[in-house]
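Notes for the one structure printed next.
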Amino acid sequence: MTVMTPAPVDQQEDEEMLVPQSDLTDNHQPMEVVAQPETANTVENQPVEDPPSSRFTWKIENFSRLNAKKHYSEVFIVGGYKWRILLFPKGNNVDHLSMYLDVADSASLPYGWSRYAQFSLAVVNQIHNKYSIRKDTQHQFNARESDWGFTSFMPLGELYDPCRGYLVNDTLIVEAEVVVRRIVDYWTYDSKKETGYVGLKNQGATCYMNSLLQTLYHIPYFRKAVYHMPTTENDMPSGSIPLALQSLFYKLQYSDSSVATKELTKSFGWDTHDSFMQHDVQELNRVLCEKLEDKMKGTVVEGTIQQLFEGHHMNYIECINVDYKSTRKESFYDLQLDVKGCHDVYASFDKYVEVERLEGDNKYHAEQYGLQDAKKGVLFIDFPPVLQLQLKRFEYDFMRDTMVKINDRYEFPLQLDLDRDGGKYLSPDADRRVRNLYTLHSVLVHSGGVHGGHYYAFIRPTLSDQWYKFDDERVTKEDMKRALEEQYGGEEELPQTNPGFNNTPFKFTKYSNAYMLVYIRESDKDKIICNVDEKDIAEHLRERLKKEQEEKEHKKKEKAEAHLYTIIKVARDDDLAEQIGKDIYFDLVDHDKVRSFRIQKQITFNVFKEEIAKEFGIPVQFQRFWLWAKRQNHTYRPNRPLTPSEETQSVGTLREVSNKVHNAELKLFLEVELGLDLRPIAPPDKTKEDILLFFKHYDPEKEELRFVGRMFVKSTGKPIEILSKLNKMAGYAPDEEINLYEEIKFEPSVMCEPID
């Protein structure tokens, strides 16, 4: 995958690294690029305008005599903007030619300007045009990054070699193709408002899954079947594929924002990055369908997967000179079609059913007839209502000993007729009454190379003329040309801006192309593109997702109002007794597991104490609160009680005083003393000499640790003075011999030292 990051000019980059020529950092806001202006109420079949584009050719004479480090082309205009090429003839601190696209008038543009362009830069080979070197990229230009391109465009040794054909008669020819696209603010674009559909969140490793899921979701018959799979309110989505998919589809149908896929990936075990890297879209499709098929058995929707996606073909071997024929029927859920050597889908089907001759050393051994000349091939018995075609864009190159991507031009029709030429793809057993005429529903696209890239899908959910591009979180309206022709791949020839100079067409390889097609049979489309509404969704699922949405809105509101509140976490003796020996061993308590209160910042602490009285049944006069402090030895202990004057302050002020780290939490320890009747009493007076100690008891026989209590001791006192009290705490006789240890520090390793 090509990396596009700003880098200093004096840092040598790999040949494919794209950088601005100046030493800048990337701190602009994320932006979304779409092809044309959209409004909230655009009609479905509104045409999509092509973005402005232009090709510029720059002829540089006496190239080897250029002495300046930088060399600029004349200005050319694309999309109403002024551009120029910036070139470093001897390299930008590297031994390569460095070349960038530059905003010519960046110094005079208004504050905050920004523009987005896709562009290619090329050095023309004047002997053999096919050896011209071209590189393309895209960038959002702004005041901080007004140029972008390739620091290591091509080695200087190749450039200046007269036999290579790049420098002829000391003249270099450079070409640029620039396409300017409109910018939409990433944060304000609303897919639901603009298109009626929402996207799926890119969670870092989901790769091709989002485009496949959108395709399956937009097959309404499939979606309805998923909704009708039996699930219960006790199921958990992360452990149930049916419920996870039901939840995902429901949110895609009714949510106003993009939807996460984590529960679904967990449900079928692909919840790591490696899971997606080790498989491809075809495997994911099969895994998902096979698991759903299994879960549908014995339910009202049993057989749905087969009804939608399953077709059958017949493998045959037929002897030429004797009456012998061997056939084998096989089912398929998708078909893999060759791209290499085929100019379109029909050519791939021709190749699929191509007859192979078994003769010479490759004769067929027929039962009772011995070795015979024979014909071997495949014919289709029936095609499914939903036909999934996997295009073999990736294959192993034995000469180069590596996987390669096939970017050849490969056309696919809007309507696919598999009955053509008298039904040449069909077996003798095929039902000729079924009309195998298909219409295109989805085009799944891969943009990039064999080692990385991006995936998205063009879908027309209702089979109307309006296409939509589903690109992770973003959904945009697109026209048919973008969905079909622009995804054929191959090379594209660009128009010349100065045709009188160089009449050789400028072509570049298109790295974005279709890798999967979904067709729906015309005779089945009314059944498949059916209505799906809330009555198809189980009541428990609606309630569950409604509750999830309410919780989501509540959290959103809390987050928006967080600056108005302070979170107070109150630890008590009960928390220490509950956690020590189970969740906590060193130190005292995990504050994430104690009772927390969300209190408005302006409320005084004395008012908060009244709430504590109601919550824990402890009268205000019997409460004493301690502030916690993290010490240099990485222990975290109650440090000092709040003073009476501090308790008159607001909780917001107290939080700021107690917590140097900027967060909204105030952590407290509530000291409550109990009388002989175990009812709260007033806390004892505390002097400067008094220290509050906490005690844990370890039983070496049971290997158990537990909290046994706390007490005040004098700082001038000695441990021997409290031994009898400690024995009482631990449940021992007053004169029992016990060992005492002090917890010293937690990091870098736990240290407890014996007390003599």
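The values are calculated or read from the model by the stated rules, or taken from the named source; none is laboratory data. Computed from a predicted structure; not experimentally measured. In this analysis, Cβ positions are derived from the backbone assuming ideal geometry, glycine residues included, and neighbour counts consider all displayed protein chains. What goes into the accessible areas is simple: the full protein's heavy atoms, side chains included, and nothing from ligands, DNA or RNA. Shrake-Rupley method; radii C 1.70, N 1.55, O 1.52, S 1.80 Å.
Treating cross-link reach as a plain straight distance, find the lysines whose alpha-carbon is under 29 Å from the alpha-carbon of K363, omitting any fewer than eight places away in the same chain. Straight-line reach from K363, under 29 Å: K325, K329, K340, K351, K375, K376, K424. For volume of the Cα convex hull per residue in Å³, the value calculated from this model appears in [x] 301; [y] 186; [z] 209 under label [x]. Summarising the amide proton neighbourhood of K375: residues at separation of 5 or more, or on other chains, whose placed amide H is nearer than 5 Å comprise E318, C319, I320, L358. Net charge in the neighbourhood of C289 (other residues with Cβ under 10 Å of its Cβ; Lys, Arg +1, Asp, Glu -1) is -3.
Note on exposure: R134, R640, R65 ranked by accessible area (1.4 Å probe, complete protein assembly) read R65, R640, R134, with the most exposed listed first. Backbone N atoms of the range 293-327 closer than 12 Å to the 7 Å Cα→Cβ label point of H365 are not found in any residue.
Just to confirm a number: summing +1 for Lys and Arg and -1 for Asp and Glu over residues other than E522 whose beta-carbon lies under 15 angstrom from that of E522, what do you get?
Details: positive: R420, R433, R435, R460, R521, K525, K527; negative: D417, D419, D524, D526.
Net local charge, E522 excluded: +3.
Relative to the longest principal axis of the C-alpha atoms of the chain, give the angle of the C-alpha long axis of helix 605-616, reported between 0 and 90° and rounded to the nearest 10°. Around 90 degrees separate the two axes. By definition, a body whose alpha carbon gyration tensor gives a ≥ b ≥ c is oblate when a/c is 1.5 or more and a/b is not larger than b/c, and the range 365-422 fits this oblate description. Distant-in-sequence amide contacts of L426, defined by a placed amide H-H separation under 5 Å and a gap of 5 or more residues or a different chain, comprise F380. Once the Cα atoms are used to define both axes, helix 241-254 deviates from the longest principal axis of the chain by about 80 degrees.
If you sort V345, V450 by accessible surface, 1.4 Å probe, largest first, the order is V450, V345. Among A107, N92, W148, whose Cα lies farthest out toward the positive end of the dipole of the range 58-151, if unit charges sit on the beta carbon of Lys, Arg (+1) and Asp, Glu (-1)? The listed residue farthest towards the positive side: N92. Working from Cα pairs under 8 Å separated by at least six residues, relative contact order for the chain is 9 percent.
In a reduced charge model with +1 at each Lys and Arg Cβ and -1 at each Asp and Glu Cβ, the chain shows a dipole moment near 1320 debye about its Cα centre.
Couplings 3J(HN,Hα) for the range 136-144, derived from phi with the Karplus relation 6.51 cos²θ - 1.76 cosθ + 1.60 (θ = phi - 60°), are 10, 7, 9, 6, 9, 7, 8, 4, 7 Hz, where x marks Gly and Pro.
Can you classify the range 369-466 as rounded, prolate or oblate using the Cα gyration tensor, where a ≥ b ≥ c are the square roots of its eigenvalues, rounded means a/c under 1.5, and otherwise it's prolate if a/b beats b/c and oblate if not? Cα axes put the range 369-466 in the oblate bin. For the chain, the longest principal axis of the C-alpha atoms and the axis of helix 281-296 are separated by about 60°.
The value of relative contact order for the range 586-689, using C-alpha pairs under 8 Å at least six residues apart, is 30 percent.
Counting heavy atoms of the protein chains only and a 1.4 Å probe, report the per residue accessible area for the chain as a whole number of Å².
On a per-residue basis, the chain sits at 52 Å².
Ordering E611, E395 by accessible surface, largest first, gives E611, E395; the 1.4 Å probe counts only protein heavy atoms, with every chain in place. In the complete set of protein chains, residue-level accessible area for E610 is approximately 100 Å², probe 1.4 angstrom. Once backbone amide H atoms are built at 1.01 Å from N, M516 has L391, L444 as its partners under 5 Å, excluding neighbours fewer than 5 places away on the same chain. Computed about the Cα centre, the dipole magnitude for the range 283-435 is approximately 220 debye when only Lys and Arg (+1) and Asp and Glu (-1) carry charge, each at its Cβ.
Could you order peptides 139-147, 643-651 by the average number of other Cβ atoms within 10 Å of their residues, highest first?
Highest-to-lowest ranking by the protection proxy: 139-147, 643-651.
Provide the net charge surrounding E743, with neighbours chosen by a C-beta distance below 9 Å and charges set as Lys +1, Arg +1, Asp -1, Glu -1.
-1
Each of A514, P641, Y364 was placed along the dipole of the chain (beta-carbon charges, centred on the mean Cα), and the one lying farthest toward the positive end is P641. Selection among G731, M711, I681 by position relative to the dipole of the range 669-747 gives I681 as farthest towards the positive end (Cβ unit charges, Cα centre). Computed from the C-beta positions of E704 and T509, the FRET efficiency with R₀ = 56 Å rounds to 0.20. What shape does the range 534-596 have by the C-alpha gyration tensor, where a ≥ b ≥ c are the square roots of the eigenvalues, rounded means a/c under 1.5, and otherwise prolate means a/b greater than b/c and oblate the rest? Because a/c hits 1.5 or more and a/b fails to exceed b/c, the range 534-596 counts as oblate.
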